[in-house]
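Following: one structure in structure tokens, then a few remarks.
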Amino acid sequence: MNDKELLKVENISKSFGGVQAVVNVSFILKKGGILGIIGPNGSGKTTIANLITGFVRPNRGKVIFKGRVITGAPPHKIANLGLARTFQVMRPYHSLSAYKNLIVPLNSPRVRQTRGGKLGDNDAVAIDILEEIGFERDARVPYKIAGSLPLGYLKRLELGRCFALNPEVIICDEIFSGLSMSEITSMIPLLEKIQMDGVTLIMIEHRLRELFRLTDTVIAMNFGQKIAEGSPEEVIEKEEVKEAYLGSSRSK
Amino acid sequence: MSTDRRKKRLDRKLKAQSDGLYALSSWTAMGYLMFPRALLIFGLLLLPLFLDMYWQRVLCSAGVYALLALSFDFLAEYVGLVCLGGALFIGVGGYISGTLNMYLGWPPLFCIATATVTGAIISTLILLPSLRLRGIYFAIISFMFPMFAVYIIIALNVLGGTEGVSGLETLQNIWVEQYLILGIVLVSLFAIRRLVNEDTGLILRAIKDNDQAVKASGISITAYKIKALLIASLIGCFAGAYMSHLYGWLGISLFSMDFSILPIAAAVMGGMGSLTGPALGAFILTPLSETLRGFGQLRVVLYSLILIAFIIYKPEGIMNYIGRKYHQFEHWEKF
Amino acid sequence: MDIIIYGIVNSIVFALIATGFNLVYGVSRIPNFAHGSIYILAGFMTWSFIHDLKMHYVFSVLLSLCISALIGLIIYRFILIRLRGIATSEIIASFSVGMVILEGLRMQGIGGFKGFIGPFYELQPFIEGKVQLLGVLLDYQRLIIIIGGSVLLSLLWIFTGHTKTGLSLRAIAQDEQAAMMLGINSDRVAMISMSIGSALAGLAAVMILPLGNITPEMGYKVLIYALAVCVVGGLGSWLGVIFAAFIIGFAMKISTVLFGALWESVVLVGTIILVLLVKPSGLLGKQKEFEERV
């Protein structure tokens with residue numbers, strides 16, 4: 001276990017009833033950079049996210065974050081260690097305005113320890129964070145009720161929620177889904193910026209072309225198993241990966 | 001309904017003019033905001049002067065129910081916990097306060113203060129095991145416990161058993177009694193209103209909206225639910241402690257279902273979520289229930305029916321309805 | 001030996017009481033807080049049919065069961081249907097209906113209605129007399145409860161676990177949206193489950209009430225017991241309810257024998273708290289996995 005290994009997943013397995021969602025998956029996440037996880041629907045990608053972040057308990061295996069074993073720990077404790085995640089199904093706190101959505105993570109023990117600050121500072125910090133991620137302050141966007149925002153903003157809000165936690169790792173669960181080409185293109189600089197700020201990203205994605213622009217390492221999954229790992233070019237060439245996406249190997 | 005028109009709702013000009021800081025821009029704007037509040041507050045505070053002795057007592061009871069309705073609304077609409085057992089707070093607070101007074105001889109105000117705090121802790125501990133579960137479990141358990149408390153007290157014949165204990169010291173002065181409860185109602189109302197907009201309150205509302213996201217943001221939702229329960233039970237136990245000294249009597253009726261149901265009816269009728277609505281509802285339903293006392297069981301049937309009617313036909317409640325009419329105007333629009 | 005036999009009786013009583021509530025919740029996710037009141041109402045109806053209308057015993061029972069089922073259906077169709085999905089309102093509304101029923105039974109003087117007050121109402125047991133079972137003197141009614149109750153619970157178990165209709169009900173309970181997409185009308189299913197649940201309440205009533213007398217106050221107690229069993233066993237879990245009923249039934253019986261009847265309630269509360277602390281979602285309850293929650 002060297003210093004650059006941020007997250008280590010060892011032989012993780014999970015079955016729900018009779019369904020094997022994840023089978024014996026292992027990988028290592030190094031500090032810096034963006035790791036992509038790809039695979040067809042139902043391959044267990046989101047379950048991996050849930051297993052790592054404590055929302056689901058694995059049947060077997062271990063998850064080690066920064067040298068600490070976090071398998072089976074409750075989600076809020078894992079988040080407090082610096083491991084944040086977005087949710088595939090977007091549900092902001094819709095009765096609250098956008099910047100107030102960020103008050104929640106700003107009140108976590110992690111942020112209170114690192115940022116300190118007096119009562120009342122949180123509002124200003126929240127608005128600043130939102131501005132950084134693209135909520136135009138002049139148009140009063142941060143003050144709009146979260147439930148009324150369009151999808152693009154909601155995705156950014158979700159990222160903002162993670163970002164406000166001051167994390168070391170953010171797991172993005174299909175953050176591009178539902179967005180148009182131009183919206184994705186405008187989000188990519190944001191993701192790169194977050195990465196520059198020192199956050200390591202894991203991106204679970206369906207949109208391969210956009211993902212490959214960002215990542216240097218990719219893991220492919222199918223039926224709960226890891227079927228390939230490497231650079232995007234290597235992985236996409238593998239037979240197993242092609243079969244997973246296309247159904248059967250076709251020789252061109 | 002005809003399909004070529006629709007109802008359009010717009011904020012009134014005055015509402016937009018008095019939003020946020022702009023409220024201070026003109027007397028009209030300030031008046032617009034202050035008028036309903038002043039009306040209710042001064043109306044409430046002046047009420048004791050116009051009532052005779054009997055109705056003043058009823059006002060005190062109404063205050064107790066108002067506190068319960070307020071805590072029910074807070075827990076249900078701002079935290080997502082539906083507490084069907086307000087009687088638990090009344091009973092616990094009342095019994096502790098009465099016992100302290102009867103067996104230790106402490107003065108009433110002191111008993112009330114102590115009972116409020118200790119009662120809150122005990123009530124929270126009782127409800128604690130259900131906090132990790134789906135909301136329905138909390139609802140069921142909060143519903144069951146007051147009744148169990150009654151069975152236990154009867155069975156073990158402690159603390160007065162079925163007959164209860166009478167002869168507790170009351171607060172002597174009817175004016176003190178009234179203004180104490182009215183004051184606490186207003187203070188609690190203001191306090192909760194502020195709380196739900198402060199950070200802690202925002203987190204509680206977030207928990208109600210989407211607790212998974214809150215967990216993923218590093219917050220322990222059980223810890224916050226406990227905080228919310230403590231706050232609600234402080235209010236409820238105060239009401240209970242006050243109640244036992246109002247009539248100078250302590251008995252199993254402190255756990256009666258009346259204390260669980262009437263506040264809920266008051267909250268639904270008054271307007272869930274508005275915080276003031278439930279209190280208002282209590283001040284309406286309690287005297288109503290009092291006038292029907294002669295009809296025996298019909299009383300309960302009647303306010304159950306009112307409750308059902310409101311839930312089905314006007315779930316937004318009185319306060320929200322009035323608020324909507326006050327803040328917005330509507331007209332039919334052709335399209 | 002006494003304890004075992006009477007413990008079994010007690011447990012089956014609890015199971016019968018809780019089953020109706022559990023079925024409605026398990027299938028349609030409706031917390032029917034009018035359950036206890038339907039139980040008592042069925043008891044009073046049967047009594048009325050026998051004593052006031054001079055109908056035959058069996059016929060009265062059957063009629064009461066049908067009316068109970070009908071009432072369950074009406075409660076759903078006219079009140080709960082508008083509140084579908086909002087658990088708070090469902091609880092409040094169904095409990096209010098329950099209150100209207102129970103307190104209404106106590107009212108006097110409305111249109112000549114005398115009201116049912118006082119412990120004067122008793123249902124006759126099916127068969128009078130006692131019998132010796134394994135060395136224990138047992139009255140017939142209790143024997144009927146043991147046999148009839150076990151048969152009923154087994155039938156329900158077979159029905160929900162092994163017949164097509166039963167399994168489809170469970171499927172609907174697990175994923176209502178998928179069921180709707182398959183063309184299953186969830187309102188109809190809810191009405192059916194409410195009817196069956198209410199009929200079960202009535203059936204439990206006619207089997208159990210002959211052991212004592214009928215008072216409207218018991219309605220609340222019955223509701224609480226049903227809730228207690230369901231909470232301990234896990235809401236919606238068939239086997240859990242039976243386990244819970246046995247645990248609670250035996251615990252209470254044993255405590256009665258050892259400490260006297262007074263401590264029953266204490267033991268009941270203690271059991272509930274203990275189970276909740278150790279296994280929060282009930283013995284066999286399933287706290288929904290995160291995946292299913294989303």
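We did not get these values from a lab; they are worked out from the coordinates using the rules stated. Fair warning: this is a prediction, and the values are worked out from it, not measured in the lab. Here the Cβ positions follow ideal geometry from the backbone for every residue, glycine too, while neighbour counts run over all protein chains shown.
Here are a few things to note about the model shown:
- Among B:232, B:155, B:62, the largest mean-square fluctuation in a Gaussian network model of chain B (Cα springs under 10 Å) belongs to B:155.
- Inter-label distance for residue B:321 and residue B:110, nm, one decimal - labels placed 7 Å from Cα along Cα-to-Cβ: 4.9
- Working from label points 7 Å from Cα in the Cα-to-Cβ sense, the residue C:185 to residue C:168 distance is 1.3 nm.
- Rounded to two decimals, the Cα-based Rg/Rh of the protein assembly as shown, with Kirkwood Rh, is 1.00.
- Separation of the residue A:216 and residue C:151 label points, Cα + 7 Å toward Cβ, nm: 7.7
- For segment A:124-252, size of Cβ-based charge dipole, Lys and Arg +1, Asp and Glu -1, in debye: 420
- Spatial separation of Cα centroids for segment A:178-251 and segment C:1-79, in angstrom: 59
- The average projected area of segment B:166-292, computed from the convex hull of its Cα atoms over all directions, is 9.3 nm².
- Looking at chain B, the pairs of alpha carbons with a distance over 25 Å make up 55% of the total.
- The simple Förster model, with R0 at 30 Å and r as the Cβ-Cβ distance, assigns residue A:231 and residue A:11 a FRET efficiency of 0.80.
- Take each residue in B:205-212, count the other chain C-beta atoms within 10 Å of its C-beta, and the mean is 6.
- For the options B:294, B:98, B:63, a Gaussian network treatment of chain B with springs between C-alpha atoms closer than 10 Å singles out B:294 as fluctuating the most.
- Projected over every direction and averaged, the convex hull enclosing the alpha-carbon atoms of segment A:192-252 yields 4.7 nm².
- Beyond 22 Å in Cα-Cα separation lie the following of the pairs B:7/B:325; C:130/C:253; A:45/A:238; A:14/C:164: A:14/C:164.
- Ranked list, fewest to most other Cβ atoms within 10 Å of each Cβ, for A:151, C:209: A:151, C:209
- FRET efficiency for the residue A:177 to residue B:26 pair, using the beta carbon distance and R₀ = 30 Å, is estimated at 0.05.
- Think of chain B as a dipole: +1 on every Lys or Arg Cβ, -1 on every Asp or Glu Cβ, centred on the Cα centre; then among B:251, B:167, B:89, B:89 lies furthest on the positive end.
- Most tightly packed first, judged by the mean number of other beta-carbon atoms within 10 Å of their residues, the peptides A:15-21, C:57-63, B:307-313, A:103-109 read A:103-109, B:307-313, C:57-63, A:15-21.
- Of A:4/A:193; B:225/B:314; A:100/B:215; A:30/A:226, pairs whose Cα-Cα distance is over 24 Å: B:225/B:314
- Number of partner chain Cβ atoms within 10 Å, mean per residue of A:86-94: 4
- Taking packing as the residue-averaged number of other Cβ atoms within 10 angstrom, the listed peptides A:173-179, C:18-24, C:188-194 run from highest to lowest as C:18-24, C:188-194, A:173-179.
- Think of each Lys and Arg Cβ as +1 and each Asp and Glu Cβ as -1; about the Cα centre, that makes the dipole of chain B roughly 1160 debye.
- The charge dipole of segment A:1-145, taken about the Cα centre with unit charges on the Cβ atoms of Lys, Arg (+1) and Asp, Glu (-1), comes to about 560 debye, rounded to the nearest 20.
- Protection proxy ranking of A:221-231, B:238-248, by the mean of other Cβ atoms within 10 Å over each peptide's residues and highest first, is B:238-248, A:221-231.
- Residues B:60, C:66, arranged from fewest to most other Cβ atoms within 10 angstrom of their Cβ, appear as C:66, B:60.
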